[in-house]
Amino acid sequence: MADLSLTAVEKHFDGVPALHSITTRIEDGEFVALLGPSGCGKSTLLRLLAGFETPSLGRISIGEQEVANGDTGHTIPPEARNIGFVFQSYALWPHMTVRRNVSYPLEVRGLPRQARSEQTNLALEATGLSEFADRMPSDLSGGQRQRVALARCLVSDPQAVLLDEPLANLDVALRAAMQDVFLDFHARTQATMVYVTHDQAEAMAMADRIAVLERGRIAQFDTPQELYARPRSRFVAGFVGEGTVLPIDQIRQEGDNLMAQFNQTTVAISSDSAQPNHICLRPENISLSETGDMRCVVQRCTYLGGHYRLTLQGPNAENLIAESRFYHKTGEQLGLSLHQPWAFQEI
Ligand code: ATP
């Protein structure tokens, strides 16, 4: 096991920057998700850690060992980094049985037959594949193939496992089941895991911390709870948990409360900044009431099982998301009360 650290890492493709001066550290044994929209640099960052790309500038270390240095050109190839990879495409050998796919890394290392067989059986058992050991990959479902890829990582006992959208090819129900398989794998191995996804629910469900990437930069690197409760930029507030971000017109202190004025409404806010300039409204900050401070019009009402999700339009045409136990018609006027939303300072 090992921590992964990047110091001032940049990656340019034909002079165009894909990553800008990334300095960060992934702790030993952590499960980290790299989350962000298409093209923000997630896969590039993962490929740099793997050694499939080399940094244009900056340094990457795995544990104590420097594995890439863009300034000197020094680089250690992927096969010498003791890292496991799990790809969207599974990358299994089609002509080998499941058992042989899993045991192959041990064969390459020259492990004796008995030890190889024991370790392979343990990995097959841990990933629920024992009964499929003699099948060919083509006779497996997508979820089972991904388990083979995980079992192959497990036998290799890597320092870290890098996963590039491993569930992207699977249907929704299987994705949820596979999340448990990954969590179980992590608990069992305590390997450092870096998981690329553009699906925030997936990142939130599994990761200890999430690095949210925006146009080649880490916008925020925090626990899922912190990212949701205390976003530090408009981008993160909007991308994680569908927050509505509104600019604050004025701030004033009233006793112990910090009050924000926006849209002719004044509300007590939570903030760790003395001069926040935006608030982030989550559904739990909004309740519907006849006498609410803010008037809104229902745009859409969607049943989510047990409650409805309301898309509302506020007085300045802003979109807000609220939840209700009751159905509301499109065009209906509602009053909203706001409860202590989070506010941040975006420079
Ligand atoms: P996605 O979710 O769509 O896979 P991503 O966040 O993983 O996107 P990257 O694949 O890392 O994004 O790409 C980041 C940027 O670098 C993009 O603008 C992409 O076009 C560019 N890029 C990536 N690989 C190359 C390459 N080999 N040559 C040129 N440009 C590249």
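Among the residues of the range 192-203, are any away from the ligand (no atom under 16 Å from the Cβ), among the hydroxyl-bearing types (Ser, Thr, Tyr), touching a strand residue (DSSP E or B) at 6+ places or on another chain (Cβ under 9 Å) and modelled with pLDDT under 85? Checked against the condition, which is being away from the ligand (no atom under 16 Å from the Cβ), among the hydroxyl-bearing types (Ser, Thr, Tyr), touching a strand residue (DSSP E or B) at 6+ places or on another chain (Cβ under 9 Å) and modelled with pLDDT under 85, the range 192-203 yields no hits at all. The set of residues in the range 296-347 that are under 32 Å from the mean Cα position of the chain (by Cα), hydrophobic (A, V, I, L, M, F, W, C), part of a loop (DSSP other than H, G, I, E, B) and farther than 22 Å from residue 259 by Cα comprises 304, 317. Within the range 214-227, not a single residue is within 30 Å of residue 122 (Cα to Cα), away from the ligand (no atom under 16 Å from the Cβ), of a type in the set (S, T, N, Q) and not in a helix (DSSP H, G or I). Annotation for the range 202-220: at least one member residue is of a type outside the set (A, V, I, L, M, F, W, C), in contact (Cβ under 8 Å) with a residue 12 or more places away in the chain and closer than 24 Å to residue 323 by Cβ. Looking only at residues that are in contact with a Pro (Cβ under 9 Å, 6 or more places away or on another chain) and not polar (S, T, N, Q) in the range 42-66, which one is farthest from the ligand (Cβ to nearest atom)? Step by step, filter the range 42-66, then rank; the result is 51. Residues in the range 205-216 that are farther than 27 Å from residue 57 by Cβ and touching a strand residue (DSSP E or B) at 6+ places or on another chain (Cβ under 7 Å): 206, 207, 208.
Check whether at least one residue in the range 97-106 is surrounded by 15 or more Cβ atoms within 10 Å (Cβ to Cβ) and out of contact with any Lys or Arg (no Cβ under 8 Å at 6 or more places or on another chain), and report yes or no. So far as the range 97-106 goes, yes, one or more of its residues are surrounded by 15 or more Cβ atoms within 10 Å (Cβ to Cβ) and out of contact with any Lys or Arg (no Cβ under 8 Å at 6 or more places or on another chain).
Going by what's in this entry, would residue 10 be described as away from the ligand (no atom under 11 Å from the Cβ) and modelled with pLDDT under 95? In short, no. Considering every residue within the range 81-92, establish whether at least one is at pLDDT 95 or above, within 30 Å of residue 235 (Cβ to Cβ) and within 12 Å of the ligand (Cβ to nearest atom). Within the range 81-92, not a single residue is at pLDDT 95 or above, within 30 Å of residue 235 (Cβ to Cβ) and within 12 Å of the ligand (Cβ to nearest atom).
The values are calculated or read from the model by the stated rules, or taken from the named source; none is laboratory data. Note that this is a predicted model, so its numbers are computed, not measured. Backbone-built Cβ (ideal geometry, glycine too); neighbour counts: all protein chains shown.
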